[in-house]
Amino acid sequence: MAKLTALSGVGGKLPAAFLLEVADRRIVFDLGEGPQAGVFPDLKGVGRVDAICLSHAHMDHAGGLHLASLVGDPPVYATETTLQQIPFDVLPVMRRRALPMRDDAVIAGLPVTLGRSGHAPGGIWFHIPLDGGFLYMGDWSAESALLPFDAPPPADCVVTDASYGDRETALAEQAVALAEAAKGGAVLPVPSGGRGPEMVLLLAQRGLAPKACPTIRAEIERLAAEEGDSIAAEHRAGLRAALAGLPTSDSYLTSDIIFAVEANAESGLSAELLAKGEGFRFVFSSHVPAGTPAAALLSEGRAQWLPWNVHPRLSDTLRLADATGARHIIPAFARPEDMPELCRALGRRLVLDRTIVFGQTERLQGTGT
Ligand SMILES: [Zn+2]
């Protein structure tokens, strides 16, 4: 019998933190902050855990790591690419455990299978083949033109990313709309460690000549040079071509198409260009938390927002639910009122409770009791 507790992440766009108790081990999957700054999982009463596993390095999945002392400062397991994005003062070397991007591994003595999640460089899902199987998807997308997605194995209990609720439009259509909107010049704010390289690639492939801020240029260089499993070889070649066409100058005109961190113009080049007030047009495409410059610009009608999928569509989530054969599906990171169709389609598989016990039947059958 295994028990899953959503410490945070169910019922709204909340930081990720899920506690799995299985085979006498206690493992926390992700430990985030936000997206609203200052919102953290409540770890009071959780006690010591054996490991923290990070699906990727985005703030809402890894930004709460400084709270790890509340759960006994356990080792933190993540891919090399994810670990590289975490400062050493938050996570010292001796607590870092590097994982492969896919295939089998061992975490705190438990067998796991890992796969690429198609959401961010270094992003993975975790599968634990005990008590019927547990699958933690973190954030994922099956649509990325750059980042591969590995189909996970069957599992009885699945925590999946439902960030977009019932959204169903395809990334291919969104890319066309964004390219149209960017023509003539626009600032396209993106998060660091996220969709930037793919957006540059897709717009370059559509014949546009985007510029990228130094952070995004460095990300493209890193991905193009990487030897590992993060991206497919043909995409590496595409990135190298896009990189060769990217201007390296750091002067920006309002007629340029500019990819700039951070996603809500709260810092980085997007914040600098906003502060200049020289008539730059902003097109946002991420989740916009209240209180950010992006939220203010959008509410005043001074910026545009267009979707760009980095999370699964409704149909992707339902395909995953069917393919895993899960009896318990926890759609995370969305409010129930934003996913009525998903909730309806999941039917008896839907779990919105904070805790769930699973694998009981298999255990009883397995032991003959
Ligand atoms: Zn993410």
Taking alpha-carbon centroids only, the range 166-209 lies from the range 50-85 a number of Å equal to 30
What is the set of long-range amide H partners of LYS211 at a cut-off below 5 Å, with H atoms built 1.01 Å from backbone N? ILE257, ILE258, PHE259
Where the range 1-85 is the region considered: accessible area per residue in Å², 1.4 Å probe: 35
Expected sort for 334-345, 256-267 on mean C-beta neighbours within 10 Å, highest first, is 256-267, 334-345
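Hey, what's the Kirkwood Rh for the chain if you take every pair of different alpha carbons, in angstrom?
On the way: mean 1/r = 0.0474 Å⁻¹.
Hydrodynamic radius (Kirkwood, Cα pairs) of the chain is 21.1 Å.
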Using modelled backbone amide H atoms (1.01 Å from N, in-plane), which distant-in-sequence or interchain residues come within less than 5 Å of ILE107's amide H? VAL112
What percent of all Cα-Cα pairs in the range 31-166 falls in each 5 Å bin, counting up from 0? 2, 10, 19, 23, 23, 15, 7, 1, 0
Hull volume per residue for the range 144-252, using the convex hull of the C-alpha atoms, in Å³ is 132
Calculated from DSSP H runs of 4 or more alone, at -39500 (n - 2.57) each and per residue, what is the 222 nm mean residue ellipticity of the chain, nearest 500? -7500 deg cm²/dmol
If packing is taken as the average number of other Cβ atoms within 10 Å across a peptide's residues, how do 153-163, 17-27, 33-43 rank, most packed first? 153-163, 17-27, 33-43
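Skip the ligands, DNA and RNA, and give the accessible area per residue of the range 171-305 with a 1.4 Å probe, whole Å². Working shown, then result.
Values: 5760 Å² over 135 residues.
That works out to 43 Å² per residue.
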P(r) for the range 94-190, please, calculated from all Cα pair distances in 5 Å bins and given in %. 3, 11, 17, 19, 17, 11, 8, 6, 4, 2, 1, 0
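Roughly speaking, to the nearest percent, how much of the range 171-305's 1.4 Å accessible area is carbon and sulfur?
On the way: 3050 of 5760 Å².
With neighbouring chains kept in place, the figure for the range 171-305 is 53 percent.
Need the full-extension length gain, LEU208 to TRP305, defined as separation in residues times 0.36 nm minus the C-alpha distance. One decimal, nm. Display every interim value, and only then the final one.
Numbers: separation 97, 0.36 × 97 = 34.92 nm, distance 1.96 nm.
Residue separation times 0.36 nm, minus the Cα-Cα distance, leaves 33.0 nm.
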Once the principal axes of the Cα atoms of the range 286-336 are found, what is the range along each, listed largest first in whole angstroms? 46, 18, 14
Within the range 162-192, backbone nitrogen closer than 18 Å to the virtual label 7 Å beyond the Cα of LYS276 toward Cβ: 182-190
Lys/Arg +1, Asp/Glu -1 at C-beta; the chain dipole; positive extreme among ALA232, ALA303, VAL187: ALA303
Apply the membrane-span-like helix rule to the chain: whole DSSP H runs, Cα extent along the own long axis of at least 18 Å, mean Kyte-Doolittle hydropathy at least -0.5. List the helices found. 233-245
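The values are calculated or read from the model by the stated rules, or taken from the named source; none is laboratory data. Everything numeric in this text was worked out from a predicted model, so none of it was measured. Methodologically, a virtual Cβ is constructed for each residue, glycine included, from the backbone with ideal geometry; neighbour enumeration extends over all protein chains shown. SASA here: full protein model, heavy atoms, side chains in, ligands and nucleic acids out. Shrake-Rupley method; radii C 1.70, N 1.55, O 1.52, S 1.80 Å.
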